[in-house]
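Just below is one structure, and these are the notes that go with it.
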Amino acid sequence: MSDIQVGVISCSGEECLGGTLSRLATRKVMETLRKGKVVSLCLPLYIAGGDEEREFAKEYPVIAVDGCDKCCAKRATLKYSGEVKDALVLSELLGEDIALSKVVSARDLKEEHYHMANNIAKEICKKVDEVLAE
Ligand code: SF4
């Protein structure tokens, strides 16, 4: 984990498209676009008391990616680790109609949704790059 410099914590929303897109985009950043620089933190484990995740977030900058303005990932990070370096809220980026829509299952996703996920991943990368440039 020595090259890892930034954590991205995605909300785990299973109830709306915003949560699904948060996870897809975060995975793409970690596995492809900024591979080796970014680790994704598991929100359920984090809330359940995962020491490694919480310690990481205390030591390294963390970017929260949330599906809607309830900002579960951001709030959990603030509560357990103290600080969020930056945050992205998909309902602000895509509009509430899209982010809160009930298209959530991977088999219901269409090309347009993958396109959205790619754009969100790019937005996350911009934030990651800003942190890395500091
Ligand atoms: S931020 Fe919104 S979409 Fe994500 S888990 Fe919380 S309520 Fe669900």
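The values are calculated or read from the model by the stated rules, or taken from the named source; none is laboratory data. No experiment lies behind these values; they were computed from the predicted model shown. With ideal geometry, Cβ positions are generated from the backbone for all residues, glycine too; neighbour counts draw on all protein chains shown. Heads up: the accessible areas ignore ligands, DNA and RNA and are worked out on the full protein's heavy atoms, side chains in. Shrake-Rupley method; radii C 1.70, N 1.55, O 1.52, S 1.80 Å.
Which one is surrounded by the most Cβ atoms within 10 Å (Cβ to Cβ) among residues in the range 6-23 that are in a helix (DSSP H, G or I) and in contact (Cβ under 8 Å) with a residue 60 or more places away in the chain? Give the derivation first.
Quick first cut of the range 6-23, residues in a helix (DSSP H, G or I) only: 17-23.
In the following step, the residues that additionally are in contact (Cβ under 8 Å) with a residue 60 or more places away in the chain were identified as 17-22.
On the way: Leu17: 26, Gly18: 29, Gly19: 25, Thr20: 26, Leu21: 30, Ser22: 32.
Among those residues, the one meeting the criterion is Ser22.
Does at least one position in the range 114-130 carry a residue that is within 12 Å of the ligand (Cβ to nearest atom) and open to solvent by less than 40 Å² (accessible area, probe 1.4 Å)? Before the answer, list the steps.
Keep residues of the range 114-130 that are within 12 Å of the ligand (Cβ to nearest atom), which gives none.
No.
List every residue pair whose Cβ atoms sit under 7 Å apart, with the two residues 6 or more apart in sequence or on different chains, where the first one lies in the range 58-70 and is within 10 Å of Gly19 (Cβ to Cβ) and the second, anywhere, is charged (D, E, K, R) and open to solvent by less than 80 Å² (accessible area, probe 1.4 Å).
Listed by first residue and then by second, the contacts come to Asp66/Lys74.
Among the residues of the range 66-84, which ones are within 11 Å of Gly7 (Cβ to Cβ) and in contact with a strand residue (DSSP E or B) (Cβ under 6 Å, 6 or more places away or on another chain)? Steps first, please.
In the first step, residues of the range 66-84 are kept if they are within 11 Å of Gly7 (Cβ to Cβ); the result is 73, 77, 81, 84.
The answer is Ala73, Thr77, Val84.
Could you count how many residues in the range 71-110 are without any contact (Cβ under 8 Å) to a residue 12 or more places away in the chain and at positive phi?
Residues meeting the conditions: 1.
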